[in-house]
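Take a look at the structure below.
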Amino acid sequence: MKILFFCLFLLFGVSSCIKKTAFEFASPNFELIKLADGVYACIHKFGGKAICNVGIIDNGTETFIFDSFLSPEVAKELIVVVEKLKLSPIKYIVNSHAHNDHIRGNQVFSNDIEIISTAVTGYEIAVNEPIDIADEKEYAIQSFAFYDSLLNEYKGDSTDRAFLNIQMWRPYYEVLSNSHNEIITRVPNIYIDSIKTFPGTNRDIQLISRGKGHTKSDLVLYIPNDNILFAGDLVFNEMHPYLPSGYMDEWNGWLDYFNTLNVDQLVPGHGNVGGPEQIFKMKEYISDVYVIIKNIKRDTSVDLDFTKIKIPEKYKDWWFEQFFVSNLKFMNTKIQQE
Ligand SMILES: [Zn+2]
């Protein structure tokens with residue numbers, strides 16, 4: 001009998017040890033998706049505090065982190081993932097643009113890790129972050145209270161769109177509510193404003209900027225050896241993109257440029273990993289918003305009520321539907337100025 005117990009102990013003891021050594025990563029904030037050996041996408045989860053998507057790319061000698069999430073706490077999980085996957089040491093953090101959800105994890109990385117952006121993005125972060133963080137002290141706390149009350153009063157199904165929308169926005173405002181206590185703005189220290197290739201033993205990594213697009217200045221990461229593109233917020237997948245901080249002609253120029261690259265897997269700034277079809281959908285969305293505004297019969301004596309304009313059927317399942325009205329207003333102002 002003793003021998004049987006000993007054998008059982010050996011069997012289960014050893015198997016549990018094996019289980020512990022295998023890397024199993026589960027985060028409430030993002031899903032880790034392997035795109036190739038040494039290339040991963042971290043895709044924001046509903047209810048999580050990642051908010052934007054992040055890329056982890058090991059070129060064989062050094063690891064790049066593309067964007068750094070909204071929450072510093074969640075960015076710390078990236079350090080754990082890189083260690084557990086036994087990737088090369090993190091050498092560079094890339095900020096695709098200056099929006100808060102892509103940059104606020106910068107502060108958790110050690111000082112010997114370089115932060116790369118375009119020069120304009122570096123300037124925007126340095127100048128705008130203190131102002132934005134001060135503003136968040138007011139409006140983010142109010143918005144969090146609003147979404148928190150929606151959650152507390154919610155009685156429907158947890159798979160309903162209404163519930164998932166609460167789960168989309170409540171964590172965003174929760175993180176922003178605390179930013180004035182938590183954020184130590186870390187401004188990028190290396191600027192890339194054209195194309196720079198970082199050769200590696202496993203793959204080359206290209207950082208590419210064409211200037212204006214989704215913002216005053218955008219930067220993307222392309223891996224020619226694997227046909228993988230991390231597009232930042234120049235592409236949203238099945239989500240309304242946010243147009244008002246963008247430049248439509250230049251944004252379209254970026255999308256045309258993406259079509260000249262070999263892309264099999266495209267990681268958007270928001271939404272799931274997809275393929276090159278997302279590039280076409282983004283172009284179509286920008287064009288559709290333009291056409292909707294252009295076709296409005298104008299009565300200059302009455303202010304337009306953009307909330308009465310219906311979301312086209314093909315976008316009715318897309319997330320971030322609040323952005324549709326903002327996008328209409330933005331496009332209307334732009335067309336008025338043409
Ligand atoms: Zn953005």
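With contacts taken as Cα pairs under 8 Å at a separation of at least 6 residues, region 124-182 carries a relative contact order of 52 percent. As a rough footprinting exposure proxy, the listed residues Thr118, Thr63, Thr260 were ranked by other beta carbons within 10 Å of their own, and the order from fewest upward is Thr260, Thr63, Thr118.
Rounded to the nearest 0.05, what FRET efficiency do Phe25 and Asn295 have when you use their Cβ-Cβ distance and R0 = 56 Å? Approximately 0.70, to the nearest 0.05. Residue order for Val235, Val263, fewest other beta carbons within 10 angstrom first, comes to Val263, Val235. When the Gaussian network model of the chain links Cα atoms closer than 10 Å, the mean-square fluctuations of Glu31, Glu114, Glu153 top out at Glu153. If R0 is 30 Å, the Cβ-Cβ spacing of Glu238 and Ile335 corresponds to a FRET efficiency of close to 0.70.
Among Arg104, Arg161, the ranking by other beta carbons within 10 Å of each residue's beta carbon, starting with the fewest, stands as Arg161, Arg104. Normalising the average separation of contacting C-alpha pairs (under 8 angstrom, six or more residues apart) by the number of residues puts the relative contact order of the chain at 14 percent. Taking the average, over residues, of other Cβ atoms within 10 Å as the packing measure, peptides 276-286, 82-92 rank 276-286, 82-92 from highest down. Highest mean packing first, where packing is the average number of other Cβ atoms within 10 Å per residue, the peptides 289-297, 308-316 line up as 289-297, 308-316. Under a straight-distance cross-link criterion of Cα-Cα below 20 Å, which aspartates and glutamates are reachable from Lys297, leaving out those fewer than 8 residues away in the same chain? Within reach: Asp288, Asp305, Glu338.
For region 124-182, the Kirkwood estimate of hydrodynamic radius, built from reciprocal distances between every pair of different alpha carbons, is 12.4 Å. Highest mobility in the GNM of the chain, judged by mean-square fluctuation with C-alpha springs under 10 Å and restricted to Ile79, Ile43, Ile103, is found for Ile79. With 28 Å as the limit on Cα-Cα distance, the pairs of Lys84/Lys283; Lys294/Lys316; Lys84/Lys216; Lys45/Lys76; Lys76/Lys314 that go past it are Lys84/Lys283; Lys84/Lys216; Lys76/Lys314. Looking at the chain alone, DSSP beta bridges between its own residues are antiparallel in about 65 percent of cases. Summing +1 for each Lys or Arg and -1 for each Asp or Glu among the other residues whose beta-carbon sits under 13 angstrom from that of Ala26 gives -1. For Leu261 and Ile190, the difference between the fully extended length at 0.36 nm per residue and the C-alpha to C-alpha distance is 23.1 nm. Between Lys34 and His180, residue separation times 0.36 nm minus the direct Cα-Cα distance comes to 49.1 nm. Taking Ser117, Ser194, Ser143 in turn, the Gaussian network model of the chain (Cα-Cα springs below 10 Å) assigns the largest fluctuation to Ser194. For a modelled paramagnetic label at Thr197, 7 Å from Cα along Cα-to-Cβ, the residues of region 212-232 in reach, with backbone nitrogen under 18 Å, are 220-230. Computed about its Cα centre, the charge dipole of the chain is approximately 580 debye, with only Lys, Arg, Asp and Glu carrying charge at their Cβ. Averaging the Cα positions of each part gives two centres, and for region 235-265 and region 84-154 these lie 22 Å apart.
Projecting label points 7 angstrom from Cα along Cα→Cβ for Thr61 and Lys155 puts them 6.4 nm apart.
Where a number appears in this text, it was derived from the coordinates with a stated rule and is not lab data. Predicted, not measured: the structure shown is a model, and the values here were computed from it. Using ideal geometry, Cβ is built from the backbone for each residue, glycine included, and neighbour counts are taken over all protein chains shown.
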